[in-house]
Each structure stands twice: as structure tokens, then as C-alpha cells.
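Structure first, then comments.
The values are calculated or read from the model by the stated rules, or taken from the named source; none is laboratory data. Computed from a prediction, not measured in an experiment: that's the story for all the values here. Cβ sites come from the backbone with ideal geometry, for glycine too, and all protein chains shown count toward neighbours. Ligands, DNA and RNA are stripped out before the accessible areas are found, and what is left, the full protein with its side chains, is counted by its heavy atoms. Shrake-Rupley method; radii C 1.70, N 1.55, O 1.52, S 1.80 Å.
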Amino acid sequence: MQTNIVKVLRTGRLKYGPSVKLQKILSDLHFKQLNNETCNTLLLVEHDPVYTVGIRNKNYTEEDEKKLKNLGAEFFKTDRGGLITFHGPGQLVAYPILNLKQFKPSIKWYVCQIEQMIIRLCAEFNILGKTSPDTGVWVNEKKICAIGIHGSRYITTHGLALNCNTDLTWFDHIVPCGIEGKGVTSISKELNRNITIEDVLPTFQNVFQEMFQCSLVQYPPNEASELLRSIKNCI
């Protein structure tokens with residue numbers, strides 16, 4: 001059985017707008033070459049502070065948007081699933097740009113795989129992560145990983161946000177993912193010690209390979225440089 005190849009593209013700190021453009025470029029490669037599996041990409045980023053809302057945005061007003069921007073964060077409306085959430089420093093954000101026809105053509109399966117992947121990752125850090133009727137991964141009643149995806153002809157964009165050593169006070173200004181009565185947590189908070197994105201990345205990549213039965217390879221440097229140049233005007 002042939003193993004799918006997924007190219008890993010790490011950008012480091014990146015504003016949200018350029019990440020959306022980058023996802024569009026990468027997903028368009030699939031639509032142009034639907035049978036070329038080398039288009040599968042795992043985009044790994046760390047965002048500057050930003051609040052994003054999904055397609056169920058509950059009609060956030062200009063006043064709401066202004067209040068959040070005044071905190072020093074950006075604000076974006078997106079086409080992913082889910083409600084409002086926060087992305088920022090100390091949070092590992094992963095955008096798998098995959099053709100699910102090469103894995104399993106099911107969005108429901110895909111979301112479940114992401115949840116189980118993060119549960120496995122949490123277990124590696126001796127944290128008991130669980131699913132709930134609400135999408136994402138939870139530790140007790142607190143969300144440690146948010147998931148919000150978009151699929152078009154089984155090509156995935158958007159993805160997941162795992163709190164490593166995120167400043168959780170950013171979440172105090174919203175109802176994360178629109179879920180009342182529940183909070184947020186991070187790997188660092190659960191372990192009571194500082195766990196960085198760099199600490200988490202090796203485990204994250206290992207469990208990604210296991211759950212999606214693929215091989216991760218680094219994005220070719222020349223291609224990565226060209227992609228990042230193409231979004232330079234957005235940065």
C-alpha cells in the first residue's frame with residue numbers, strides 16, 4: 001500500500017491574513033493537479049494575536065469588532081466552521097491542506113481523526129484529553145484544542161489550534177467557540193510548567209503521521225521561499 005506524502009511548511013510567526021492567502025495558493029494546487037499527491041501540505045504557523053469567527057458568526061457587530069481590535073488583536077471573518085476563537089503566540093496552529101480522496105473522502109472522519117490525534121498527543125504529555133458533543137479536544141470542561149475546518153471538493157483548509165503556552169487571558173473577552181459555561185486551558189497550564197510550541201512539534205508530527213498514515217517531508221526550501229515571497233505584500 002502506497003503511503004501518502006505530506007509536505008511540512010513551517011512559517012514561524014505569521015499574521016492571519018497572509019496565512020489565508022497561503023492556504024488559498026496551496027489548495028488551488030490541488031484543484032489544478034487533483035491526482036498529484038505531493039500537493040498535500042501541513043502548514044504550521046504561530047499567529048500574531050487575532051480573533052476569528054467562522055460561518056456561524058452570530059452577527060458580530062462593528063462595535064464588537066472594534067472592542068476586540070482595541071485589545072491589540074486583529075479580527076477576521078472566515079469560511080471555516082465554528083464560532084469565534086483566538087489565535088496568538090504560544091499556540092500551535094496547523095492547517096492541513098489535504099485531498100481527502102487520497103485518505104478517506106469524509107469530512108466527519110477527518111474531524112474525528114484530528115480530535116483523536118490531539119488526544120494521543122495530550123497522552124504523550126500525561127494529559128487526559130477527551131472529546132465532547134462540541135467539536136475540539138477538552139481537558140475536563142476546558143478546551144485545549146479548537147478545530148474549525150473548511151472542505152471544498154474534499155480539499156481541506158483551516159484546521160486546528162493547540163494551546164501550548166498561550167496567554168489564556170485573551171479568551172476572557174469572548175465566549176470561545178460560542179460555548180457558554182466552559183473555559184480554555186493549555187498544555188503549560190495543565191502541567192504547571194512552560195511547554196513551548198517547539199517542545200510540542202516533534203510529538204505533533206509523529207501523531208499526525210500515525211493518524212493519517214502518511215510520511216511527512218520538509219517542504220523544498222526553494223519552493224517554500226517562492227511561496228512566502230508570493231504573500232509578502234500581505235505580511
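Numerical summary
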{"read-out": "Of all residues making up the stretch 110-127, the number that are touching a residue at least 60 places away in the same chain (Cβ under 8 Å) and open to solvent by 20 Å² or more (accessible area, probe 1.4 Å)", "value": "6"}
{"read-out": "Strands (runs of 3 or more DSSP E) within the stretch 1-109 that include 1 or more residues among the acidic types (Asp, Glu), free of Cβ contacts under 8 Å to residues at least 60 places away in the same chain and open to solvent by 50 Å² or more (accessible area, probe 1.4 Å)", "value": "74-77"}
{"read-out": "Answer residue from the stretch 202-216, given it is part of a helix (DSSP H, G or I) and within 18 Å of Ile97 (Cβ to Cβ) and is most open to solvent (accessible area, probe 1.4 Å) among those", "value": "Gln209"}
{"read-out": "Ser225 polar (S, T, N, Q) and more than 19 Å from the chain's Cα centre (by Cα)", "value": "yes"}
{"read-out": "Test result for Leu71, among the hydrophobic types (A, V, I, L, M, F, W, C), under 21 Å from Lys143 (Cβ atoms) and touching a Gly at 6+ places or on another chain (Cβ under 7 Å)", "value": "no"}
{"read-out": "Some residue of the stretch 128-135 being touching a strand residue (DSSP E or B) at 6+ places or on another chain (Cβ under 7 Å) and open to solvent by less than 30 Å² (accessible area, probe 1.4 Å)", "value": "yes"}
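To keep it simple, each residue is scored yes or no on (1) without any contact (Cβ under 8 Å) to a residue 60 or more places away in the chain; (2) open to solvent by 40 Å² or more (accessible area, probe 1.4 Å).
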residue	(1), (2)
Asn140	yes, yes
Cys164	no, no
Ile174	no, no
Val184	yes, no
Ile187	no, no
Gln218	no, yes
Glu226	yes, yes
